Amino acid sequence: MNDLKERIDRVAGGRPSTWMAEALWFEENKRWLDRSAEIALCVLTALQEKHMAQKDLAAVMGVSSQYVSKILKGTENLTLETISKLEHALGVNILTVASRYKAFELAEGSHRAAAALAFRQESSSSPRSFSAEDATVGYSYYSNESDFRRAS
């Protein structure tokens, strides 16, 4: 057994393995890593649909092309500011904010204020408890239309 361990250590260059620490880190950070990968896929899809290069996206966002490359690997812990820059540069909605039992996709410009106002007006009416039916009901703003539609 010691012979095998010595051979493995020789192959590894005498450095102790860090795989266990890395595996624990990935397990602890799985939720945001999954979301980061989803965002990377969304950005890659938008880049392909718009026939846009990574360096063009970097220029529009005001960041380096190396940072865009890190984002597209799907392991970058993105800030809301960076996600907003991505949405603006690509003209897509990436982030959906859910509040209690209604969800709104944030839209650009004045539609954002309209979404917030509509939600506040509806949620300020008589409060009620959350039910299973509420989980299936949501509102989304569709950027190519000027209204909200109730999702079914």
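Just so you know, all these numbers are worked out from the coordinates, no wet-lab data involved. Everything numeric in this text was worked out from a predicted model, so none of it was measured. Cβ: placed from backbone, ideal geometry, glycine included. Neighbour counts: every protein chain shown.
From the list Arg35, Arg31, which residue is free of Cβ contacts under 8 Å to residues at least 24 places away in the same chain, within 17 Å of the chain's Cα centre (by Cα) and either surrounded by fewer than 10 Cβ atoms within 10 Å (Cβ to Cβ) or more than 25 Å from Thr79 (Cβ to Cβ) (or both)?
Going through Arg35, Arg31 in turn, just one is free of Cβ contacts under 8 Å to residues at least 24 places away in the same chain, within 17 Å of the chain's Cα centre (by Cα) and either surrounded by fewer than 10 Cβ atoms within 10 Å (Cβ to Cβ) or more than 25 Å from Thr79 (Cβ to Cβ) (or both): Arg31.
Each row is one residue, and each column tells you yes or no for (1) closer than 18 Å to Leu95 by Cβ; (2) without any contact (Cβ under 8 Å) to a residue 40 or more places away in the chain; (3) out of contact with any Asp or Glu (no Cβ under 9 Å at 6 or more places or on another chain); (4) surrounded by fewer than 13 Cβ atoms within 10 Å (Cβ to Cβ).
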{"position": "Glu6", "(1), (2), (3), (4)": "no, yes, yes, yes"}
{"position": "Ala12", "(1), (2), (3), (4)": "no, yes, yes, yes"}
{"position": "Ala40", "(1), (2), (3), (4)": "yes, yes, no, no"}
{"position": "Glu49", "(1), (2), (3), (4)": "no, yes, yes, yes"}
{"position": "Met52", "(1), (2), (3), (4)": "no, yes, yes, no"}
{"position": "Asp56", "(1), (2), (3), (4)": "no, yes, yes, no"}
{"position": "Ala59", "(1), (2), (3), (4)": "no, yes, yes, no"}
{"position": "Gly74", "(1), (2), (3), (4)": "yes, no, no, no"}
{"position": "Asn77", "(1), (2), (3), (4)": "yes, no, yes, yes"}
